[in-house]
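In what follows, a structure is listed as structure tokens, so that the remarks can point back to it.
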Amino acid sequence: MADGSRRDKTDVRVHCLGEVDELNACIGVALSFLEDGPLARVLFAVQHDLFDIGAEICQPGKFLIDEA
């Protein structure tokens, strides 16, 4: 983890990081087929949120995403 702690490969945090990364990659592929427009901007914003979620997952106690 980013805080230096170690987790088993089967730990839920490790699994969640993989899922978030895979979703982010899929969105990246979709974006490669889109021209700039409203949908591309929304997907780009979602990617940024996914990066923040990944940071929260790999740093226990870190909060970057709020309800807003």
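The values are calculated or read from the model by the stated rules, or taken from the named source; none is laboratory data. Bear in mind the structure is a predicted one, so any value in this text is a computation, not a measurement. Please note: Cβ atoms are built from the backbone with ideal geometry, for glycine as well, and neighbour counts cover all protein chains shown. In case anyone asks, the SASA skips ligands and DNA or RNA and just uses the protein heavy atoms, side chains included. Shrake-Rupley method; radii C 1.70, N 1.55, O 1.52, S 1.80 Å.
Against the longest alpha carbon principal axis of the chain, how many degrees, from 0 to 90 and to the nearest 10, is the axis of helix 12-32 turned?
10
So which GluC sites (Glu not before Pro) in the chain end up in coil per DSSP with only 11 or fewer other C-beta atoms within 10 Å?
When the GluC sites (Glu not before Pro) of the chain are filtered for loop state and at most 11 Cβ neighbours within 10 Å, 35, 67 remain.
Report the label-to-label distance for residue 66 and residue 22 in nanometres (one decimal), using points 7 Å from each Cα along the Cα→Cβ vector.
My value for the distance between the label points is 3.3 nm.
Roughly how tilted is helix 38-58, in degrees to the nearest 10 and between 0 and 90, from the longest Cα axis of the chain?
10
Under a point spin-label approximation (7 Å from Cα along Cα-to-Cβ), what is the residue 10-residue 44 distance to one decimal in nm?
4.3
Summarise the accessible area of the chain (1.4 Å probe, protein heavy atoms) by the percent that is carbon and sulfur.
Of all accessible area on the chain, carbon and sulfur atoms account for 59 percent.
Convert 37 °C to kelvin, take the viscosity as 0.692 mPa s, use the Kirkwood radius over C-alpha pairs of region 16-68 as Rh, and evaluate the Stokes-Einstein diffusion coefficient in µm²/s, rounded to a whole number.
It diffuses with D of about 278 µm²/s by this estimate.
So what is the 222 nm mean residue ellipticity for the chain from helices alone, if each DSSP H run of at least 4 adds -39500 (n - 2.57) and you divide by all residues, rounding to the nearest 500 deg cm²/dmol?
-21500 deg cm²/dmol
Which chymotrypsin sites (Phe, Trp or Tyr not before Pro) in region 32-68 pass both tests, a DSSP loop state and at most 15 other beta-carbon atoms within 10 Å?
Sparse-neighbourhood loop chymotrypsin sites (Phe, Trp or Tyr not before Pro): 33, 63.
Please give the net charge around residue 42, taking every other residue with its beta carbon less than 15 angstrom from that of residue 42, where Lys and Arg add +1 and Asp and Glu add -1.
Once all neighbours under 15 Å are counted, the net charge is -2.
Taking the Cβ of residue 67 as the center, what net charge do the other residues with Cβ under 15 Å away carry, scoring Lys and Arg +1 and Asp and Glu -1?
Here the charged neighbours net out to -4.
Once you place label points 7 Å from the Cα toward the Cβ at residue 55 and residue 29, how far apart are they in nm?
Placing both labels 7 Å beyond Cα along the Cβ direction yields 2.7 nm.
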